[in-house]
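Chemist: Let me give you the structure first, and then I'll get to my questions.
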Amino acid sequence: MKRLYFTALALAAIATANGVAAAPGEELLKQQCIACHAVTKPDQQNLGRLWERKGPDLHYAGDKFNREWLLAWLQNPTVIRASGVMYSKLVKPGADKGPDQIDPAQLQAHPKLSAEQAALAADALLALKVPGLVEKGSFKNETANVAFASMLFSKLRGCTSCHAAKPGGAAQSGPELYSGGARLQPDYVAAYLRNPHKFDPHVWMPALGLNEGDVQKLTGYIATLKQTETK
């Protein structure tokens, strides 16, 4: 509760600097988002906080999301993380001593916003950036060999063990990437691939030690994945 209180205070302080009243989008974030998402950088980025958070951090949303996708998604949210923000909390034993399964009944639906609310929220979220976190223009390989990059994604680097590249994919522990090209800014993808722990020191995405060529290839491949339908 303290964290939510101070997050709200931080937002209010930013919005009311020099006596300027909080913008409607910032008010909307305070009312509907901060209960689950960090919209200012947390003072503590420890494992306990990662375990307890209810939704992904949004304090660098402006470095991450594409506006068109964000605007549409806020009005009609789809499941990005089949297992929720914390995989282990939704696991249940499989039937007949089979593999453990994800219990979708425990996955909370994201609230829908009206078109007006979505526009306000999207603009407020896209204003949230962290200087130096994502280098603009660092993705350069826009003509990557998609066939080779697909093999790099699925076989050579094993990304499909956690991320689904198409609707109905088996991977569930990480966010789906079949809408990654529509959802994510390529410079963000490249920065995250280089060093995911720069975004969160305890996130379970491994640091793969990719060379820059592979970073560019994988980013280029993910940029082509723009399906938005869900299974």
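The values are calculated or read from the model by the stated rules, or taken from the named source; none is laboratory data. Just so we're clear, the structure is a prediction, and the values are computed from it rather than from any experiment. Methodologically, a virtual Cβ is constructed for each residue, glycine included, from the backbone with ideal geometry; neighbour enumeration extends over all protein chains shown. Side chains included, ligands, DNA and RNA excluded: accessible areas come from the protein's heavy atoms. Shrake-Rupley method; radii C 1.70, N 1.55, O 1.52, S 1.80 Å.
Chemist: Identify, from the list Gly209, Gly180, the residue that is of a type in the set (Gly, Ala, Ser) and open to solvent by less than 30 Å² (accessible area, probe 1.4 Å). Steps first, please.
Modeler: Numbers: Gly209 fails: open to solvent by less than 30 Å² (accessible area, probe 1.4 Å).
So the residue among Gly209, Gly180 that is of a type in the set (Gly, Ala, Ser) and open to solvent by less than 30 Å² (accessible area, probe 1.4 Å) is Gly180.
Chemist: For segment 220-231, what are the residues that are modelled with pLDDT of 90 or more, surrounded by fewer than 20 Cβ atoms within 10 Å (Cβ to Cβ) and within 17 Å of the chain's Cα centre (by Cα)?
Modeler: Lys226
Chemist: Same structure, new question: When segment 129-146 is examined, which residues are found to be free of Cβ contacts under 8 Å to residues at least 60 places away in the same chain and closer than 16 Å to Thr219 by Cβ? Quick ask: steps written out before the conclusion?
Modeler: Within segment 129-146, the first condition is being free of Cβ contacts under 8 Å to residues at least 60 places away in the same chain, and the residues that meet it are 131-132, 135-138.
Matches in segment 129-146: Glu135, Lys136, Gly137, Ser138.
Chemist: Collect the residues in segment 122-161 that are open to solvent by less than 60 Å² (accessible area, probe 1.4 Å), modelled with pLDDT of 95 or more and not in a loop (DSSP other than H, G, I, E, B), keeping them in residue-number order.
Modeler: Ala122, Ala124, Leu125, Leu126
Chemist: Looking at segment 149-164, which of its residues are in contact with a Ser or Thr (Cβ under 6 Å, 6 or more places away or on another chain) and either under 19 Å from Val79 (Cβ atoms) or in contact (Cβ under 8 Å) with a residue 60 or more places away in the chain (or both)? Break it down stepwise before answering.
Modeler: The first filter runs over segment 149-164 and keeps only residues in contact with a Ser or Thr (Cβ under 6 Å, 6 or more places away or on another chain), leaving 154, 160, 162.
If the condition is that a residue be in contact with a Ser or Thr (Cβ under 6 Å, 6 or more places away or on another chain) and either under 19 Å from Val79 (Cβ atoms) or in contact (Cβ under 8 Å) with a residue 60 or more places away in the chain (or both), then Thr160, Cys162 are the ones that fit.
Chemist: For the list (1) within 29 Å of Lys41 (Cα to Cα); (2) modelled with pLDDT of 90 or more; (3) open to solvent by 40 Å² or more (accessible area, probe 1.4 Å), I need the number of the one condition that Lys217 fails.
Modeler: Looking at each condition in turn, Lys217 falls short on (1).
Chemist: Out of the residues in segment 103-121 that are of a type outside the set (A, V, I, L, M, F, W, C) and modelled with pLDDT of 85 or more, state the one that is surrounded by the most Cβ atoms within 10 Å (Cβ to Cβ).
Modeler: Gln117
Chemist: I need a count of the residues in segment 91-121 that are part of a loop (DSSP other than H, G, I, E, B) and among the acidic types (Asp, Glu).
Modeler: Of the residues in segment 91-121, 2 are part of a loop (DSSP other than H, G, I, E, B) and among the acidic types (Asp, Glu).
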